[in-house]
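To start, the structure itself, in structure tokens.
The values are calculated or read from the model by the stated rules, or taken from the named source; none is laboratory data. Keep in mind it's a predicted model, so treat the numbers as computed, not measured. Quick reminder, even Gly has a Cβ in these numbers, built from the backbone with ideal geometry, and neighbours come from all protein chains shown. Note: accessible area is taken over every heavy atom of the protein model, side chains too, but ligands, DNA and RNA are not part of it. Shrake-Rupley method; radii C 1.70, N 1.55, O 1.52, S 1.80 Å.
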Amino acid sequence: MKTTPEKSANRKALPKFMIILLLSALVGGLAGLAVGYMDGTALPETIQARCTGILSAIMPWSIWVSSALLLGAGLWIYRKSRTMFDRWDGEKETILDQAEERLSWCVLLTNLSTVLNFFFFGAGMQPLLSPPRFPLFLLSFVLSTAGQIFLSQKVVDLTRKMNPEKQGSVYDMKFQKTWFASCDENEQRQIGQASCKAFRAVNYTCTLLWVGLVLLSMMMDLGVLPLFLVTLLWGVNLTAFVLEAIRLGRHK
């Protein structure tokens, strides 16, 4: 019987897959046994008390500090990129590429600041802040969000100056769609490759979170909500990716 390329690839990959599967089962079994032998009452209370104490100490200043570090660094990178562009003679494309790469780092820092702001704000909604401190905490969130929008607008405007064909405004609710449509084929290909890698990273992260939550549920009463939220994010990520692939396949 003739061996097809598909069967050959499957036979080549199957041994490695089985080894990884067995090792994963072994590690999971050992972890489950270890959790079963641990004291299920004292440890969770100690961990929860320590986490609560740490969050209570850092919460009033969390957004101020994180925004100062991340947005401050992003603003410094933006100014360096702006200086490079202003001094550009219009001939050396490498200088323009370096300026655009720095702007990408600026975008990363702005996004990280946004994620941390939402985390700290959500954690601040818990009974960790005394009432007199909460207005100042809320003010820090508002000001930091305004700073993120301002810096994002500056980055987009400078990018449009470097690339006049680019379209879109950060104040437009359809900015990402408009911006993607104004990119050339090479840029759209890069965005697609980056999105595929981000898709895989989210899948790996959801897998690790699922394992961690299952193990923690053996030590403390977490309820089903954390596990539900992780699997919900996992399912949305997978479903959105496949449905978009089907849609693009119909219009290729």
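Overview of results
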| quantity | calculated |
| --- | --- |
| Segment 196-252, accessible surface, carbon-and-sulfur percent (1.4 angstrom probe) | 76 |
| Cα-based Lys proximity count in segment 113-242, under 20 Å, for pairs eight or more positions apart or on separate chains | 7 |
| Surface per residue (accessible, 1.4 Å probe) for segment 91-207, Å² | 65 |
| Label-point separation, M219 to Y171 (7 Å along Cα→Cβ), nm | 5.0 |
| Global form of segment 107-252, assessed from the alpha-carbon gyration tensor, a/c cut-off 1.5 | oblate |
| Cα gyration tensor shape for segment 157-239, rounded if a/c is under 1.5, else prolate or oblate | prolate |
| Gained length - F119 relative to T178, 0.36 nm times residue gap less alpha-carbon distance | 18.4 nm |
| Sites matching GluC sites (Glu not before Pro) across segment 102-199 that sit in DSSP coil, with at most 14 neighbouring C-beta atoms within 10 Å | E165 |
| Segment 95-183: C-alpha gyration tensor shape, a/c 1.5 cut-off, then a/b vs b/c | prolate |
| Ranked order, T94, T231, T159 - accessible area, probe 1.4 Å, largest first | T94, T231, T159 |
